[in-house]
Each structure stands twice: as structure tokens, then as C-alpha cells.
């Protein structure tokens, strides 16, 4: 490569198999192939510093599924059979031009296409085959101001498109191939990142106006949820991360040990925007506030110890009608690690040390019944250990 040019390439392949006897006996095979390429060119245009990034992604997937009557955990008569295919590819171009020494203009464009198809092989109940193609163009424009060599302020206006998945288009609760639209969003963001002394930070506020957001609804009132397009929704909030070295040389002057407070906070205000059925209700399933923190003591020998906290001070709704909420909770943990000079790192971590009973996530419903099976419990007291080796 020429000076100022960097090329990144990557690829992956995943094969998964599932044999599961639940309401029916399910036999599934999935193969996914993905690849990406990214070229970065740094130089000058008309005497102004410029950085150009061009990239592309490719993804292919096949999904072979069969369902049988569940005869005591063994497959019985075939009830459904299909072969599904998904293809997604995109090309992205982003340019950063320093119109002033400390001010850069960022502009970009993403072009993409996604194809989804399902071929029904069990035709005794009719042919449920179908296919859909989604094409999109997503522009981006923004400004980046380098207030100091170590601190930046940024703002962006960007468009995004998310096509439905095969699972969205071929739900078990309905027959046929769904006519879902792709989810589209326009997001404006402003924030700052940087460091000063022992302080590192990143804070951003955003507002995304979304059309045709893919959500799970129950259009028939039978309790069978289907992926459908909502009308208009809003996702807005704040994401913040802060790392602060509170103390150095705790043991004695010149020791080199330190005490660091690391924090992450998110405020999530996700709601309908004048929906005919739900007005401006909050979207279910996401906590409005989430705070994580750790206070880490680190010794230059490579030993570290950190008590941890995960706090959800306010439960989240589990239905679109906003009638039922989960409970708030706080989880305490402790993590210890040892980093050796040969590149080996060993860690042990205890989570939820007080064995708190809490709801970590939930399914969603239009209106939650008192006995609805929506809540999914979080893990109780648990211990994890592992190692890493760096070459």
C-alpha cells in the first residue's frame, strides 16, 4: 500500500444446528457467510488535510427448517418445512475534510440492498413461499471540532435503514410471507469526547425519528405476537461514559498504584409519536435509566480488584398500554484480575453477590394480563473465571 493508505479485510463463517422439542419438534440448520473490506486514505486536498474511508460488506445466509409433531421428545409427523435465504450487501463512502486546522466537515453515503426469500416445501396446507427486496441510500453530514489536542465536540445528522429479518417475515404465529417494510430512521446527535489529566469522558445526546419501526404486536388478540410496522416512534436519550483516576500512589509515594472510578450511564426515552392506538406511550422492554460503575484498584505488579454496581432505578413497561412495569434493582459484584508479563491475564468475577431476585428482560404484549408469562428472571449469585493470552 502507498503511504497514508490502510486496507482492512475480514471474513467469517458460522454453522448452527438446533434440535429442540418444545411445542413441536424443531430441526433447524443455519449457515452464515460474511465479509468486509475497508480502505482508508489520508492526505491533502488543496492544502487541506483529508481522510477518505471507503468500505463494503457482504452477507449471505441459508436457513433450513423442519417442524414435526412432538411425540414425547421425538419427531412425529412433519408439519412444516422450508428453505430460507437472506442476502445483504452495502457500500459506504465517508470523507473528513479539515476546512480549518481544528474544524472538520464529515460527509458520507451508504448504499445497500437486502434480499429475503422463503421457499415452502410443505404444500399440503398451501404454498407460503415469498420474497422481498429492500434497497436504500443513507446520507450523513456532520462537524468535528478539536477544542484541544485531547478534546473534541461533534455533531451529526444521519439516516439509517434496517430491513426485516427472515424471522420477522416468516412468523410461526401466522401463515405466509409478511409484507413488512424496512425500518427507517433520521438521527441527530451532539456530543463531546476527550481526556484531561486523570479524566476520560464521552457524552452524547441523540434524537432518532423512526418510521415503520419493527415491533411485536398482537393484531388478532389471541396472544400470538407478530412483527409488524409501527407508524412513527421516537428514540432519544443520553449516553455517557466517564473514567476518573481518583488517587495515585496510595500505598506510598512512587508506588505507581491507582484507584480509578469508571462509570457508564444511559437515559432511554423511547416512545410512540401520536400512535392511533397508543398515543405517546413508552415503548416496552428497555429501562429508562441504566447505570454501571466500578471502583478499580490497580497495582503495578498487574493485580487489580474492583467492586462493581449495576443499577436500574426505575422499572420498564412490558406492554404497549403502559399498565405493567418491572421492579427497580441494584446488583453488586466483585472482579479480580492478574496480568503477567508474558501476556497472560487471569480473572475471576462474582456477580449479583447479594443474590438479588430481579427481572432482566421481558417479552412484550399490547396489554399485559395479570398472569401473563412475560417476565424473564436474571441470574442469581454466580461466579465466572477465565484467561486471555496476548501474543
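Taking 7 Å along the Cα-to-C-beta vector as the label spot, tell me the residue 277-residue 240 distance in nanometres, rounded to one decimal.
Taking the two extended label points, one gets 3.7 nm.
Between residue 330 and residue 17, what's the calculated FRET efficiency when r is the beta-carbon distance and R0 is 30 Å? Round to 0.05. Each step should come with its number before you reach the end.
Numbers: r = 39 Å, r/R0 = 1.31.
Efficiency computed from Cβ-Cβ geometry: 0.15.
Using Cα-only point scatterers and the Debye equation, what is log10 of I(q)/I(0) for the chain at each q in 0.07, 0.08, 0.12 Å⁻¹, rounded to two decimals?
Relative scattering, expressed as log10 I(q)/I(0), comes to -0.47, -0.63, -1.39.
If contacts are Cα pairs under 8 angstrom and at least 6 residues apart, what is the relative contact order of segment 11-90 in percent?
Numbers: 173 pairs, mean separation 22.8, N = 80.
Relative contact order here is 28 percent.
In a GNM of the chain with a 10 Å cut-off on Cα contacts, which of 169, 242, 48 has the highest mean-square fluctuation?
Comparing 169, 242, 48 in the GNM, the peak value goes to 48.
How far apart, in nm, are the 7 Å Cα→Cβ label points at residue 165 and residue 151?
The answer from the label model is 4.2 nm.
R0 = 22 Å: FRET efficiency of residue 103 with residue 5, Cβ-based, nearest 0.05? Working shown, then result.
Working: r = 25 Å, r/R0 = 1.12.
For R0 = 22 Å, the calculated efficiency reads 0.35.
Residue 45 label point, 7 Å along Cα→Cβ, cut-off 17 Å on backbone N: hits in segment 133-160?
Those under the cut-off are 139-144.
Given the Cα atoms of segment 1-182, and with Rh set as the inverse mean 1/r over their pairs in the Kirkwood sense, what is Rg to Rh to two decimals? Show your work: numbers first, answer last.
Numbers: Rg = 23.2 Å, Rh = 20.0 Å.
Over the Cα atoms of segment 1-182, Rg/Rh equals 1.16.
Relative contact order for the chain: what percent, with Cα pairs under 8 Å and sequence separation of 6 or more? The partial results should precede the final answer.
Working: 1032 pairs, mean separation 27.2, N = 391.
For the chain, the relative contact order is 7 percent.
Could you tell me how many cubic angstrom of Cα convex hull volume segment 259-391 has per residue? Present the calculation step by step, with values, prior to reporting the outcome.
Working: hull volume 17.5 nm³, N = 133.
Considering the Cα atoms of segment 259-391, their hull volume per residue is 132 Å³.
Report the calculated FRET efficiency for residue 202 and residue 77 (r = Cβ-Cβ distance, R0 = 45 Å), to the nearest 0.05.
Numbers: r = 56 Å, r/R0 = 1.25.
With a Förster radius of 45 Å, E is 0.20.
What distance in nm separates the simple spin-label points at residue 179 and residue 111, each placed 7 Å from Cα in the Cβ direction?
Placing both labels 7 Å beyond Cα along the Cβ direction yields 3.0 nm.
Read the figures in this text as sums done on the coordinates, not as results from a lab. Quantities reported herein were computed from a predicted structural model and do not represent experimental measurements. Reconstructed Cβ throughout: ideal geometry from the backbone, glycine too, with neighbour counts over all protein chains shown.
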